[in-house]
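Q: Dumping the structure here so I can ask a few things about it.
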Amino acid sequence: MIEPPRLAVTLGDPRGIGPEVVAGALARVGESLRVTLIGAEDQIARIPAMSRVSVGAWRPEQGTPVRAGQIAGHAIQRAVALVQAGEVDAIVTGPVEKHALHLAGFPYPGQTEWLGRLAGGVETAMMLVAGPAERPLRVVLVTTHLALRDVPVVLTRERIVRIGTITRSALIERFRIPQPRLALCALNPHGGEQGLFGDEEERILAPAAQTLGAAGPLPADTVFVRALKGEFDAVLAPYHDVGMTAVKVAGFGSGVNVTLGLPFVRTSPDHGTAFDIAGKGVADPSSMAAALQLAAWLSAPNPL
């Protein structure tokens, strides 16, 4: 008999919707999983789970952003320690606030970059998965949390090839796609219109796509539609918002963030802390449920 996967699940920022969406998601899909909850002691105690790991107490009336960042950050560290020790098969992280993490002494642009550091300094890539299960849209961000003015500087041919190579390996090893079909999204409108709206496509993106064996660069207003129709297995997006917008339009509230390049599986929901609705009982757990299910599937033995 095959044992259910073991997942370490962090609750995220204790001020946000993480604790309630984890509880709601586990109520939907938790029976088929073995879950270790990691977070504030009083919050994990209220959620049924196989086991729990406390990283301290949280008192809302006394809580500060620094304390919230400490709890969220220590939970991430414990989850990574568990998966590295072989005590769990994958980790699923609840939403955090970057500002609180920075105040608590964790100065990383996001969880994706921090996880790469915790895993030994490996280069990572952020994939977003959304849309119908039988034909999902998978988008990988070549650049992540940058000001738009900085994107053309960072978007080098070498970077695109590195992220594309990480993507191809993950599609083969984790997603069980023997021959992945990649597409590269253009940076400029209409793919640069032969240099009229920018020359990055000709100088940088086209050579990178050729090296990767990927289609493109293809204009942003068509490449994601073609991917949703099943033409590509993943789209490489040159900057954060063009990729995130496509994913959230394709499946807002049910998308999943997957960190590629790690020696273990990590997923998370596609939303943030939503402080404005936390504690009101209206947060939708669909994305967290999808993150749990995808983590379980990705960490299962690969038949290839």
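Q: What's the ranking of 242-248, 271-277 by average number of surrounding C-beta atoms within 10 Å, highest first?
A: 242-248, 271-277
Q: Additional query: Could you point to the residue in Ala183, Met288, Pro5 farthest towards the positive end of the chain's charge dipole, with +1 and -1 charges on the Cβ of Lys/Arg and Asp/Glu respectively?
A: Farthest towards the positive end: Pro5.
Q: Then there is this: How high is the relative contact order of the chain, in percent, counting Cα pairs under 8 Å that sit 6 or more residues apart?
A: 24
Q: Also, quick follow-up: Show me 23-30, 58-65 ranked by packing, highest mean number of other Cβ atoms within 10 Å first.
A: In decreasing order of mean packing, 23-30, 58-65 become 23-30, 58-65.
Q: Just the Cα atoms of segment 134-223: what Rg and Dmax do they give in Å?
A: Radius of gyration, then largest Cα-Cα span, for segment 134-223: 13.3, 40 Å.
Q: Could you work out how far apart the two model spin labels at Lys248 and Gln84 are, taking each label as a point 7 Å from the Cα in the direction of the beta carbon, and quote it in nm?
A: The modelled label-to-label distance comes out at 3.3 nm.
Q: Using alpha carbons only, how many angstrom separate the centre of segment 245-273 from the centre of segment 12-82?
A: Going from one Cα centre to the other spans 19 Å.
Q: Cβ neighbours within 10 Å, averaged per peptide: list 227-237, 148-158 in order, most packed at the top.
A: 227-237, 148-158
Throughout, read-outs are computed from the coordinates displayed, never taken from laboratory work. On a predicted model such as this, the values are computed, not experimentally measured, just so you know. All Cβ positions, even for glycine, are placed from backbone atoms using ideal geometry, and neighbour counts span all protein chains on display.
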